[in-house]
1. Tell me which residues, restricted to the stretch 196-211, are hydrophobic (A, V, I, L, M, F, W, C) and more than 19 Å from Ile174 (Cα to Cα).
2. Residues being out of contact with any strand residue (DSSP E or B) (no Cβ under 7 Å at 6 or more places or on another chain), within 11 Å of the ligand (Cβ to nearest atom) and of a type in the set (A, V, I, L, M, F, W, C): count how many of those fall in the stretch 190-228.
3. In the list Glu371, Glu348, Glu308, Glu326, which residue meets the criterion of being acidic (Asp, Glu), outside the structural domain of Leu209 (by TED's automatic domain parsing) and touching a strand residue (DSSP E or B) at 6+ places or on another chain (Cβ under 8 Å)?
4. I need the full set of residues from the stretch 322-355 which are among the polar types (S, T, N, Q) and within 14 Å of the ligand (Cβ to nearest atom), in order please.
5. How about the stretch 117-162: which of its residues are under 19 Å from Ile83 (Cβ atoms), away from the ligand (no atom under 16 Å from the Cβ) and not small (Gly, Ala, Ser)?
6. Leu268 - would you say it is in contact with a Phe, Trp or Tyr (Cβ under 6 Å, 6 or more places away or on another chain), aliphatic (A, V, I, L, M) and away from the ligand (no atom under 16 Å from the Cβ)?
7. Taking the residues in the stretch 163-189 that are within 15 Å of the ligand (Cβ to nearest atom) and either surrounded by fewer than 22 Cβ atoms within 10 Å (Cβ to Cβ) or of a type in the set (Phe, Trp, Tyr) (or both) as candidates, determine which candidate is nearest to Ala251 (Cα to Cα).
Amino acid sequence: MKEEGIKIETILVHGSKGFDETTGAVSFPIYQSATFRHPGLYETTGYDYSRLQNPTREELEKTIAKLEGGNEGLAFSSGMAAISTIFSFFKSGDNLIFSDDLYGGTYRLAEEIYKKLGISVTYIDTRNLKMVEEAIKTNTRAIFVETPTNPMMKVTDIKLIAELGHSKSLIVIIDNTFLTPYFQNPIKLGADIVVHSGTKYLGGHNDTLAGLLIVKDPSLAEQFRLIQKSVGAVLSPFDSWLILRGMKTLAIRLEREQESAFKVASFLKVNKNVENVYYVGLPDDEGYNISKLQARGFGGMISFRVKESSLVEKILKRIKVITFAESLGGVETLITYPMVQTHAAIPEEIRIKLGVDDRLLRLSIGLENAEDIIQDLEEAMFN
Ligand SMILES: *Cc1c(COP(=O)(O)O)cnc(C)c1O
């Protein structure tokens, strides 16, 4: 079969090499070795030391590059380690434009770590191209967009933002954690770099942390590879294997989670205790039409605002099927209170303006029966 004809479900299951060439092992082996024997002076098997290369990590890196349509993939010990690698590529005096609604950890990394090293970040609603254009300064080097955003589910037109970015010689980076390559391929839409928290949908089982970078331009990839091996926040062989294993079921998990998310969002939409529902798969959602154009699905993430803040504590205490925990994208349905968990690092004034208030809750729909999830919410919200 021709390479380009292969569909995404097949790549997810088979990976890059897909099996071990020396033994034929169908499950790609975990090469749990820190170092590799040299056959002789100036000779190498291609592997020298696991911070530089490791066969299991390499299988994951090649698989994710293939899935996202990039030249190279790089695997890190967490999503934040991957995002930190992007930051360390820039230098003192550079300015970056970020989505204003953003994963709290990314905001914290910018404000607490890289700001003091002289890298400034401007936060803009990247759906508004005019505002983005006005924010571009002579020292602006990149645009970093989350779409859909965490937790307000704002959808940015990737093609348009990439065109704008490139017209100003900026690097365009997309955090594709929420939709994964199964539903959205930012590089094919014009982005230069894709970043993932592999901890979420790619791993898919709430059992490991991982971060991934996929880079289109080979010379850019080389610079990221230098940072990866110098800083050393690489993904371990076992964790690389867990992500490879998780990805094998990504397509089927996401399809079911999306189907259930639509049911849960529809239930919330008509519930008397709920004021707003943010799910891009609802036809009246602001992001629906752009999503239809640039993605193949809407995902399994829902945020909703209850009418009374007193309901929040009640819900978090009463739920039995849904788990009250941060994170997302796993087989277990999780509920998060962004204000005190994922977005605690964002100043109150900014948070409230974005809509991350004391009545906002976020759901990551898992693989339980959708009716059980709905009943759990119904009972938890009952006065
Ligand atoms: C979780 C998350 C991150 C950070 O990833 P970790 O694996 O937790 O370090 C970054 N971006 C988004 C959108 C996330 O949800």
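1. Going residue by residue through the stretch 196-211, those that are hydrophobic (A, V, I, L, M, F, W, C) are 202, 209-210.
Correct list: Leu209 only.
2. Number of matching residues: 1.
3. Glu326
4. Passing the criteria: Ser327, Thr336, Gln341, Thr342.
5. Leu117, Ile119, Thr122, Ile124, Thr140, Arg141, Ile161, listed by residue number.
6. Working: in contact with a Phe, Trp or Tyr (Cβ under 6 Å, 6 or more places away or on another chain): yes; aliphatic (A, V, I, L, M): yes; away from the ligand (no atom under 16 Å from the Cβ): yes.
Answer is yes for this residue.
7. Looking at residues that are within 15 Å of the ligand (Cβ to nearest atom) and either surrounded by fewer than 22 Cβ atoms within 10 Å (Cβ to Cβ) or of a type in the set (Phe, Trp, Tyr) (or both), I get Phe183.
Residues checked against (1) in contact with a Lys or Arg (Cβ under 7 Å, 6 or more places away or on another chain); (2) among the hydroxyl-bearing types (Ser, Thr, Tyr); (3) at pLDDT below 95:
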{"position": "Arg256", "(1), (2), (3)": "no, no, no"}
{"position": "Leu268", "(1), (2), (3)": "no, no, no"}
{"position": "Ile319", "(1), (2), (3)": "no, no, no"}
{"position": "Pro338", "(1), (2), (3)": "yes, no, yes"}
{"position": "Glu349", "(1), (2), (3)": "no, no, yes"}
{"position": "Ile352", "(1), (2), (3)": "no, no, yes"}
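The values are calculated or read from the model by the stated rules, or taken from the named source; none is laboratory data. In this text, all values refer to a predicted model and were calculated from it rather than measured experimentally. Positions of Cβ are generated from backbone atoms using ideal geometry, with glycine treated the same way; all protein chains shown enter the neighbour counts.
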